[in-house]
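The values are calculated or read from the model by the stated rules, or taken from the named source; none is laboratory data. The structure presented is a predicted model; accordingly, all values stated were derived computationally and were not measured. Ideal geometry is used to build each Cβ from the backbone, glycine not excepted, and the neighbour counts take in all protein chains shown.
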Amino acid sequence: MGASVLLALAATLASMFAGVAPAAAAPLPVRVVVVTTFEIGEDTGDTPGEFQFWVERLPLPQTLPFALGPRALRYDPRRGILGVVTGGGAINAAAAITALGLDPRFDFRRSYWVLAGIAGINPNEGSIGSAAWAEWVIDRDLSHEIDAREIPADWPTGVVPIGRTRPFETPLPPPGLFSPNAYHLNPALVDWAFRLTEQVALADDPALAALRAHYRQPAAQRPPRVQKGDVIGASDWWLGERMTTLAEEWTRYWTGGRGHATTTAMEDCGVVRALELLARAGRADFARVLVLRSAANYSAPPPGETAAALLAAEASEDGTHLAGFRASLEAAYRTAAPVVNALADGWAQTRRAPPGTPR
């Protein structure tokens, strides 16, 4: 989808939203967009998903219709903060963010986009209940794949880059029809967000501590903390030691060894790809994108446990069976809220340039 297509779609959307806001009305100012991926019930007052704490605590008092997403938007008109739920999976996330970015009610040209969601975490990189700011967002879906029962004996995996004939074959495939596999966020902005929040106290409890104790990796045994760590996205909810190793190697491959596969999620590549294209069309600024993921579960089981047993313990339609579900929701909000507040309240400066950017 090129810039010309996006602009044409914007014109179409403008006519669709003609009944929502007067044609002559100025776009609503948006300093920060809080991006979440799911909510379980209502926006307030029941079992929370990723959205509810933002609505209740920030707060986001005003409801705005959003027919092209899974639920209404929430807005703070005093501070210019907008909240959106994308729906699960990269396809829903890309559709919702594209639709929102083209919505004529809003001006996103200087807006910051902060994705704050829950995820799995690689026990080699972090612990359950932790939160990680990503500099790299890696797509694992765009690949060739051979069933594990049929891969050659000397291959470490059946996943192969599109355009190559073996796993991790170099050089990297050139940009093509299925690119990109890696998105590099603004490192100065990511560093700023991390420095601002690295001392945030995250929720812990005896149940999380007992779970951590089953793991041998030092990173998996630490109490919850805020860290930097990259996210690898895929449309399948994978888990297991071998899949975690693949995530590590896939991330190193696409980042030239600079990235560290820390958290695992579904929506991030859809979100950042939509924002990249919106930036091309002059509707967003890709240098103002942040991705935070907090750990609701480990991506691999502890010693002596199988991947199938881990799946059986944690599988559910809404994620509430995940061992660190509530702690991860708290971690996502506690870590991202100071960043959202600083960006919105410091608008006299942040409007001009992203924090951390050399002037």
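Of note:
- Pairs linking a residue in the stretch 86-102 that is under 16 Å from W113 (Cβ atoms) to a residue that is of a type in the set (F, W, Y) and crowded, with 19+ Cβ neighbours inside 10 Å, with Cβ atoms under 7 Å and 6 or more positions apart or on different chains, are G101/F108.
- Tally of residues being touching a Gly at 6+ places or on another chain (Cβ under 8 Å) and part of a helix (DSSP H, G or I) across the stretch 342-359: 2
- Condition met for I118 (part of a strand (DSSP E or B) and under 13 Å from the mean Cα position of the chain (by Cα)): yes
- Flag for I162 being in contact with a Leu (Cβ under 8 Å, 6 or more places away or on another chain) and assigned to a loop (DSSP other than H, G, I, E, B): yes
- Exactly one residue out of R258, R216, R212 is in contact (Cβ under 8 Å) with a residue 40 or more places away in the chain, among the basic types (K, R), closer than 28 Å to A309 by Cα and surrounded by fewer than 20 Cβ atoms within 10 Å (Cβ to Cβ): that is R216.
- Yes/no for R78 being surrounded by fewer than 23 Cβ atoms within 10 Å (Cβ to Cβ), more than 29 Å from G256 (Cα to Cα), of a type in the set (D, E, K, R) and without any contact (Cβ under 8 Å) to a residue 12 or more places away in the chain: yes
- If you filter the stretch 143-175 down to residues that are surrounded by fewer than 18 Cβ atoms within 10 Å (Cβ to Cβ) and among the aliphatic types (A, V, I, L, M), you find that the one that is nearest to A209 (Cα to Cα) is A148.
- Which listed residue is out of contact with any Asp or Glu (no Cβ under 7 Å at 6 or more places or on another chain) and under 23 Å from V114 (Cβ atoms), from R242, R212, R225: R225
Residues are listed down the side, and each one gets a yes or a no for (1) farther than 18 Å from D205 by Cα; (2) under 20 Å from the mean Cα position of the chain (by Cα); (3) assigned to a helix (DSSP H, G or I); (4) without any contact (Cβ under 8 Å) to a residue 40 or more places away in the chain:
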site: L275; (1), (2), (3), (4): yes, yes, yes, no
site: L292; (1), (2), (3), (4): yes, yes, no, no
site: E305; (1), (2), (3), (4): yes, no, no, no
site: A309; (1), (2), (3), (4): yes, no, yes, yes
site: T320; (1), (2), (3), (4): no, yes, no, no
site: R326; (1), (2), (3), (4): no, yes, yes, no
site: A332; (1), (2), (3), (4): no, yes, yes, no
site: A336; (1), (2), (3), (4): yes, yes, yes, no
site: V340; (1), (2), (3), (4): yes, yes, yes, no
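- Scope the stretch 13-54; condition among the polar types (S, T, N, Q) and modelled with pLDDT under 50; matching residues: S15
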